[in-house]
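The values are calculated or read from the model by the stated rules, or taken from the named source; none is laboratory data. All values reported here derive from a predicted model rather than from experimental measurement. When we count neighbours, we look across all protein chains shown, and the Cβ atoms used for this are built from the backbone with ideal geometry, even at glycine. Heads up: the accessible areas ignore ligands, DNA and RNA and are worked out on the full protein's heavy atoms, side chains in. Shrake-Rupley method; radii C 1.70, N 1.55, O 1.52, S 1.80 Å.
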Amino acid sequence: MPYLQLFVSQVWSAYRWAATALTTLLVVTYFGPLLYLSWAPRRDLRRRYFADLSAQTSLQARATPAKASNMARNHKALRARKKGAVEESRSAPSIPKSALNEARLERARSATAEPWALVTGASSGIGLAIVREVAQQGINVVLVARDDALLPKALDQLRAEFPERSFRVVATDLSETMPPRDKIDGKSEATPNYLAEIEEATADLFAAGTIRLIFSNAGYLLMSFYWQRSLSEQMRNWECNITAALRLTHFVLGQWAKHQRAALKRDDDRRGSNAAAFGLLAFTSSSSFFLPSPFATLYGAEKAALTSFAQSLAVEVRDLGVDVLVVHPSYTRTNLYANQPKLAILEFLDRFTGASPGYVAASIMRAVGRGLVVRDIGFYSYLTRWVNHVVDIGLLSSLIVLCRHLVPEYRQFRADADASLHSS
Ligand SMILES: NC(=O)c1ccc[n+]([C@@H]2O[C@H](COP(=O)([O-])OP(=O)(O)OC[C@H]3O[C@@H](n4cnc5c(N)ncnc54)[C@H](OP(=O)(O)O)[C@@H]3O)[C@@H](O)[C@H]2O)c1
């Protein structure tokens, strides 16, 4: 008997020691980086990703004073020509065509010599806040969003706030999988319209190697039982929330790899080394998949796929000098929920933990390029991540199924589903 008592007390003290050590490890490895990131300053994007570009531009400026003065002359001539446009036929001294072409070319060249970023879902919410953060750091932005009223409004605001910056717009629907008409020949790979449009709008920037920050952020939410909505509606959502990010990433990495190879061949760059940072791929995922997310089943699956993709990709692209960051914002006050059922849980989160898009964007800027691939943002993300750590997810899933009738939202969606079954 005393041997048994001794054995039990030994096992118990070993268990207590192991449990304390593991919990401490979890707390430190999770909250340590979070604490650090909440105090860390925003990343200097130009310094991390465009340092070689600034050096090149200033070198070029020093090396070609004659060309610069030619340019200034051409611009002067152009301005004069614009001013005198009305009386052109009477007075305008004719400007040689070559000068006009050179000025036009030079304008295009100077745009491609500047640093650029691309943000999808840039017309509102978190995406628009990311654009502001990036523009504030002196970086031009390609905005991608649907062709609706939000986009011109956002563009007007941005132009007023950042008159020095250039913005390009790709007004396109990321849920639209149709290839451009001229590509439907049965032979070429079916590139959807939106990707063809993005490729076209950024071709010169990729060729120049000056577009180096990609934020795959666009997304929207469909709330219902999964089977209640048509499959085509769900698949469009899948295209926008996950496939579009995968396609865009594939295109971008192809372009960057080309640029890196060319740079290595010229031997004027040290790309390919672990230290150099050439580009950033950032993904806006969500904590919605930390726990089962009924009524937003597809959304949870899309975000889980996006996070998993980003985590593995981060390893593959590091030697290309590419940082990958995937973020999990908690409830953020944006248009995401505008046309969705007003669930009590969402209203609760909105009231007590709702963050502003600006806060999320600033948190992203603090996390960028610090070696961390995954960043949870906000209370709900921290909480659900911890529930996941503490209780087995398999058990949790079973418990949620068992308790479904206790949840008023479940009863509401169930009633809606029953009503639609009866009416059909
Ligand atoms: N708000 C939250 O609580 C929360 C939490 C975690 C993660 N997120 C994620 O954060 C990202 C941004 O959402 P948000 O909260 O900022 O919502 P938002 O204000 O509605 O912004 C979504 C952006 O995506 C664009 N977009 C939506 N559907 C599109 C489509 N088919 N094609 C092209 N662009 C499209 C929207 O522009 P148009 O509608 O004008 O096209 C808008 O610019 C999403 O991926 C979302 O899943 C949000």
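The table below gives the values:
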| item | result |
| --- | --- |
| Verdict on LEU395 being open to solvent by 40 Å² or more (accessible area, probe 1.4 Å) and not assigned by TED's automatic domain parsing to the domain that holds LEU253 | yes |
| Among the residues listed as LEU291, LEU281, LEU383, LEU336, the single one being of a type in the set (A, V, I, L, M) and open to solvent by less than 30 Å² (accessible area, probe 1.4 Å) | LEU281 |
| Residue satisfying condition, being modelled with pLDDT of 95 or more, of a type in the set (S, T, N, Q), outside the structural domain of ASP416 (by TED's automatic domain parsing) and surrounded by fewer than 22 Cβ atoms within 10 Å (Cβ to Cβ), within set ASN193, ASN237 | ASN237 |
| Selection count where residues are under 16 Å from the mean Cα position of the chain (by Cα) and at pLDDT below 95, scope segment 316-329 | 0 |
| Residues (open to solvent by 70 Å² or more (accessible area, probe 1.4 Å) and of a type in the set (Ser, Thr, Tyr)) located in segment 142-176 | none |
| All helices (runs of 4 or more DSSP H) inside segment 309-423 with 1 or more residues being within 29 Å of TRP227 (Cα to Cα) | 344-352, 379-390, 393-402, 408-423 |
| Qualifying residues in segment 187-240 (those that are acidic (Asp, Glu) and more than 30 Å from GLY138 (Cα to Cα)) - the one nearest to the ligand (Cβ to nearest atom) | GLU239 |
| Residues of segment 124-152 that turn out to be within 17 Å of PRO357 (Cα to Cα) and within 13 Å of the ligand (Cβ to nearest atom), as a count | 13 |
| Of all residues in segment 202-220 being aliphatic (A, V, I, L, M) and surrounded by fewer than 17 Cβ atoms within 10 Å (Cβ to Cβ), the one that is nearest to the chain's Cα centre (by Cα) | ALA203 |
| Residue check, LEU248 buried (at least 20 other Cβ atoms within 10 Å of the Cβ), modelled with pLDDT of 95 or more and in contact with a Lys or Arg (Cβ under 9 Å, 6 or more places away or on another chain) | no |
| Residue match in segment 344-354 (condition: in the same structural domain as SER232 (by TED's automatic domain parsing) and open to solvent by less than 10 Å² (accessible area, probe 1.4 Å)) | no |
